[in-house]
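Okay, so here's the structure we're looking at.
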Amino acid sequence: MKTIPSPSPPEPILDADLMPPSRSPWSETWRLLRKNRMAFSGLLIFAVFFVIALAGMLLTSGGSPVLDPAQVRLQEKLRPPLSAPNQETMAAGHAPALGRYLLGTDDLGRDVFARMLQGAWVSLTVGFVAVGISVAIGILLGGLAGYYGQQSLQVGHMLFWSLAIAAPILALASKPLAGMVAAAVAVAGWLFYAWRRRSKAAHPPLWLRWLTWPAMGVDALVMRAVDIMLCFPSFFLILTVVALLPPSLYKIMVVIGLTSWMGTTRLVRAEFLSLREQDFVAAARALGLSNLRIIFRHIMPNALAPVLVSATLGIASAMLTEAGLSFLGFGVPPPHATWGNILSDGKDFIFDAPWLTFAPGIVILIVLLAFNLFGEGLRDILNPKLRERN
Amino acid sequence: MFAFLGRSLVQKAITLFFVSVVSFLVIHLAPGQPSQIDPLNPKFTRDIVERMRQEFHLDEPLHIQYVLFYRDLFVGKTVSWRDSRPVLGKIWERFLNSLPLFIVGTLLTWTFSFPMGIRAAIQRNGPFDKSTTFLSYVLISVPGFFFAYVLIILVVTRLNVPVIDMQTFGVTSDSALVQVMDRIWHLVLPSILSATGGIAVLSRYVRGQMLEIIGQDYVRTARAKGLSDDGVYYRHALRNALLPFVTMFGLMLPGLIGGSVIIESIFGWPGMGRMAYEAILARDYPIILTLNFITAVLVLAGTFVSDLLYMVVDPRIRL
Amino acid sequence: MALSTDTVLEVKDLRIHFHGEGPVSRAVDGVDFVIRKTETVCIVGESGCGKTVTALAVMGLLPQPPARIAGGRILFQGQSLLDLDVSQLRALRGKRMAMVFQEPMTSLNPVFTIGDQIGEAIRVHEDMPASEARHRTVQLLDDVGIADPEKRVDDYPHQLSGGQRQRAMIAMALSCGPELMIADEPTTALDVTVQSQILQLLKKLQQRTRMAIQYITHDLGVVAAIADRVYVMYAGIIIEQGTTGHIFTHARHPYTMALLDSLPTREKRGHRLYSIPGSVPHPAYKPSGCPFHPRCPHRRPSCIQEFPGMCDYGQGHLARCPILYGMQKDPA
């Protein structure tokens, strides 16, 4: 009987050529970004805008800036774009830096191009700072609401936080005495609480027992706050604050930020509510990680995708709001130029000097378009269902 | 189901209470006095200032003021500080001005958004979809005040017709028909303006919803049954895709008050948006607070109505 | 092999390619199979081997970009499906060939009653007054074993359990008396006990209606329970076919043998379970020659170079492994 020598079974071939190329999540994101023409062009326009705004701020600030946005030349008023200044009547040092008025002049003879450059930086900072504030608040509140959910705050906690928040508000609202009283009570209460915890007293004394009663669920509290804020039409709220207080750039940024956190809060809360039930959270808890660490290090990075999209779109919206406020006269005080007030100055001359309307209008359109395209493109890219499955 | 609605009503009432408190505090804690009662205002003598202070209970502590104000509000006694006319009367007047603008704008928005969005979804990535997508982005990004002026320039220079305000100067001497047509004509431009932004946003939302539904398993089942494209899209997909929009109907209620300050300013339209704006500038607290309260009521009523509609329309939700 | 007039579906050398970015995905790479009246044929394979894509192609439900039928023929009752236009295909779909899908939870429209959805299938294909359609619907619900069909017919899908929903789907597929029913893993999402009830139901219905059933699954237990004949698919091709008995007792392809080996049975208790090393090839990056060669314990150099043809073991049992065929013919 012939025995066929049976070779030992060959090892399985695990050939890298037989698999599609593997990519890290970042390079995958970048690749999808390049593929998505909308998002990519949005990003490109934004990059160009950023450089121009930065350059603009540098070129138009200071005592004797390269491109002077505030230089009044009454004899040159309402000149069309690309016109050359009248050399005979021009005072020394008043000529535009490039020899021509690239975007014409306004009704006070100021160089519109220089003013546009000055306004660019304002728009940019307002957009980013306002959104930064609103996203920070949104992530904090949304994360707490989503993670702690049904757990209740105690009466004592709520009292403390109400006093702590009321104190600075009262102080700012010209009732400093009340503010200081509130702050003092809050601090005293906290010190007392800390002392009792230190001395490891088992239960609070009877007369203070009511402070430990559950007052309201964390989720319920945050959502009620969101509902209350949503009852105020945000534009009017912003208008109220900006109109009643002396105007300044920072107030505008802060107010826009403080009135637009509701959307982000809802998004983050929704993401947390679903992520909280996933196994990686249970695993983290089983490892004994603290709640704070779980929230910020483990869940948060997964929840951020929709926040990124909403933040990008929010920047566009904040810039639009700022332009609207400037248009109505409530923006940064003159003579500082913003795109909104250039348009506002120009509205009396729409038929005679349409460039005063079109220059800021078209530029705002392009910049907002860039942000909106990028934001929507991001939404498509970050959508996990559309990612390549290896 | 009724238990849920009952609870919801109670919650909303509580929210309303908090809103009224917060808005009251914000107004009264803001620095500066309304010009009418500012002792430094040279137009008023001391007596008048004193009398106004008494009449408007400004001497009382804050919480008493709060109670008195809202009591007056519900009774209808609240009076504007600028011209001593009843607040509710003034609001009603302006409301009647804003209403046609709101109705026409909303009609335009909803009539155009749905066909656009649905067709864009069905012919995804086709020429219609690509062009309407781009158009939507442009319309979302264009600042309203800029677009308004562009339209005004176009209409006035090409068509030579007046567009500002609600009616042309001197038209009251013409016949009723001419007046009506004039009114309608003046409505056109501002309505188109407010509609374009709305169409851009809503049609994108419709498209997104429709696309998501088309990808669902039950749409594939419908195809597997041998249904025609019409049956698949307009019967199975649409019915599901439209669910969230039925509820959006309720959320449109606050738009009644909103109006756009900017559009109304540009077109000189005496609507509620401008009224709120003027009241803020003049620190006319009764008007501000009343408008705020009405807005809050509308917002809460709107969410309540949309919750209700959701329960009616979606068979999965029978609380 | 000779085709009898009993043949309901015949697929010849079907090739389906997916065009995305990167290399073309050859999801189905030359597949032949036949299904006859009253037969239950199982297509077995792991996820990603192309069995669902094949079924969708037969029904005409493949989205044709990005998929493309790159070659082959599909003959239903002798008629070439690939030559039909859209409306002709639609007339067939749901009436003469029907499909039951995997996820009963999401495959029914939540806003219509099940009576409405089943009735719709009837109304689209047959001219019937509404009352008669409803009567037929109730009858169908009874046939598929739903208790109290008179009341259930007005229920919404969310009011039914998973098993009941799948029965409703089957009723919908049966509604116009199809000659072919394609079932794509209909029981995978259900509990094991419900699963066996559904399988029995299908067998019972088949005996009554004499329809052909193409049952797609990855579960060999299901195959053993209901299949008359089996086609084993791997990486887009059929690597073994035969009657259930032949496949389970004398499997002749290393992949089939490995699949059977990895089933936990009582004899293997206390021993380490066998699992096939390596993983299923990506349809765009297939190995040369025999697609199973990287994982095959019987690999020879010829396996890497030549694509293997089918080897005939008689009585309809074919396997695509010349190595084992050679060993079997020359045992000693």
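The values are calculated or read from the model by the stated rules, or taken from the named source; none is laboratory data. These numbers were taken from a predicted model, which means no experiment stands behind them. Because the Cβ atoms are built from the backbone with ideal geometry, glycine has one as well, and the counts that use them run over all protein chains shown.
Structure notes:
- Taken over region A:215-266, the criterion of being of a type in the set (Gly, Ala, Ser) and more than 14 Å from A:Leu328 (Cβ to Cβ) is satisfied by A:Ala215, A:Gly217, A:Ala220, A:Ala225, A:Ser234, A:Ser248, A:Gly257, A:Ser260, A:Gly263.
- Scanning region A:161-201 for residues that are among the β-branched types (Val, Ile, Thr) and modelled with pLDDT under 80 returns A:Ile165, A:Ile169.
- Top-ranked residue of region B:229-263 - restricted to ones that are in contact with a Phe, Trp or Tyr (Cβ under 7 Å, 6 or more places away or on another chain) and free of Cβ contacts under 8 Å to residues at least 40 places away in the same chain, ranked as farthest from B:Tyr277 (Cα to Cα): B:His236
- Count - residues of region C:291-324 that are closer than 26 Å to A:Pro20 by Cα, more than 12 Å from every other protein chain (Cβ to nearest Cβ) and not small (Gly, Ala, Ser): 4
- All positions within region B:201-231 that are more than 27 Å from A:Glu376 (Cα to Cα) and either among the aliphatic types (A, V, I, L, M) or within 34 Å of the chain's Cα centre (by Cα) (or both): B:Ala222, B:Ala224, B:Leu227
- Qualifying residue in region B:285-292 (condition: within 8 Å of chain A (Cβ to nearest Cβ) and more than 26 Å from B:Phe145 (Cβ to Cβ)): no
- Where B:Met210 falls short, out of the listed (1) of a type in the set (A, V, I, L, M); (2) surrounded by 18 or more Cβ atoms within 10 Å (Cβ to Cβ); (3) within 14 Å of chain C (Cβ to nearest Cβ): (3)
- Count of region B:62-111 residues which are at pLDDT 70 or above and surrounded by 13 or more Cβ atoms within 10 Å (Cβ to Cβ): 28
- The single residue among C:Arg90, C:Arg68 that is more than 30 Å from C:Asp127 (Cβ to Cβ) and not in a loop (DSSP other than H, G, I, E, B) turns out to be C:Arg68.
- Given (1) closer than 21 Å to A:Ile133 by Cβ; (2) of a type in the set (D, E, K, R); (3) touching a residue at least 40 places away in the same chain (Cβ under 8 Å), index of the condition A:Arg276 fails: (1)
- Against the numbered list (1) buried (at least 20 other Cβ atoms within 10 Å of the Cβ); (2) in the same structural domain as C:Ile226 (by TED's automatic domain parsing), C:Arg165 comes up short only at (2).
- Residue within region B:228-247 that is hydroxyl-bearing (Ser, Thr, Tyr), facing another protein chain (nearest Cβ under 9 Å) and more than 30 Å from B:Phe304 (Cβ to Cβ) present: yes
- Residues satisfying the stated conditions in region C:168-197, i.e. closer than 27 Å to C:Thr7 by Cβ and surrounded by fewer than 18 Cβ atoms within 10 Å (Cβ to Cβ): C:Gly177
- Residue within region A:66-77 that is small (Gly, Ala, Ser) and surrounded by fewer than 16 Cβ atoms within 10 Å (Cβ to Cβ) present: no
- Number of positions in region B:215-226 that are more than 7 Å from chain C (Cβ to nearest Cβ) and at pLDDT below 90: 1
Let's see how each residue does on (1) within 13 Å of the chain's Cα centre (by Cα); (2) within 14 Å of chain B (Cβ to nearest Cβ):
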{"site": "A:Lys251", "(1), (2)": "no, yes"}
{"site": "A:Leu258", "(1), (2)": "yes, yes"}
{"site": "A:Leu267", "(1), (2)": "no, no"}
{"site": "A:Gln278", "(1), (2)": "no, no"}
{"site": "A:Val281", "(1), (2)": "no, no"}
{"site": "A:Ala284", "(1), (2)": "no, no"}
{"site": "A:Asn302", "(1), (2)": "no, no"}
{"site": "A:Ala316", "(1), (2)": "yes, yes"}
{"site": "A:Leu325", "(1), (2)": "no, yes"}
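- Residue tally, condition exposed (fewer than 15 other Cβ atoms within 10 Å of the Cβ), among the aliphatic types (A, V, I, L, M) and part of a helix (DSSP H, G or I), over region B:1-24: 7
- Any hit, region C:137-152, residues being over 19 Å from C:Leu201 (Cβ atoms), crowded, with 18+ Cβ neighbours inside 10 Å and at pLDDT 90 or above: no
- Pick from region C:44-64, criterion in contact (Cβ under 8 Å) with a residue 24 or more places away in the chain and part of a helix (DSSP H, G or I), ranking: nearest to the other protein chains (Cβ to nearest Cβ): C:Met59
- The helices (runs of 4 or more DSSP H) found entirely in region B:231-319 that carry 2 or more residues being polar (S, T, N, Q) are B:285-313.
- Unmet requirement for A:Val332, which otherwise passes all of (1) of a type in the set (A, V, I, L, M); (2) more than 10 Å from chain B (Cβ to nearest Cβ); (3) assigned to a helix (DSSP H, G or I); (4) in contact with a Ser or Thr (Cβ under 6 Å, 6 or more places away or on another chain): (3)
- Against the criterion of being more than 25 Å from A:Leu369 (Cβ to Cβ) and either within 14 Å of chain B (Cβ to nearest Cβ) or not in a helix (DSSP H, G or I) (or both), A:Leu292 does not qualify.
- Candidates C:Arg96, C:Arg73, C:Arg68 - the one that is more than 14 Å from chain B (Cβ to nearest Cβ), touching a residue at least 60 places away in the same chain (Cβ under 8 Å) and out of contact with any helix residue (DSSP H, G or I) (no Cβ under 6 Å at 6 or more places or on another chain): C:Arg73
- Residue check, C:Tyr255 buried (at least 22 other Cβ atoms within 10 Å of the Cβ), within 30 Å of C:Lys37 (Cα to Cα) and within 14 Å of another protein chain (Cβ to nearest Cβ): yes
- So B:Thr172, is it at pLDDT below 80 and within 11 Å of chain A (Cβ to nearest Cβ): no
- The residues of region C:99-145 that are among the small types (Gly, Ala, Ser), part of a helix (DSSP H, G or I) and within 14 Å of another protein chain (Cβ to nearest Cβ), listed by number, are C:Gly115, C:Gly119, C:Ala121, C:Ala133.
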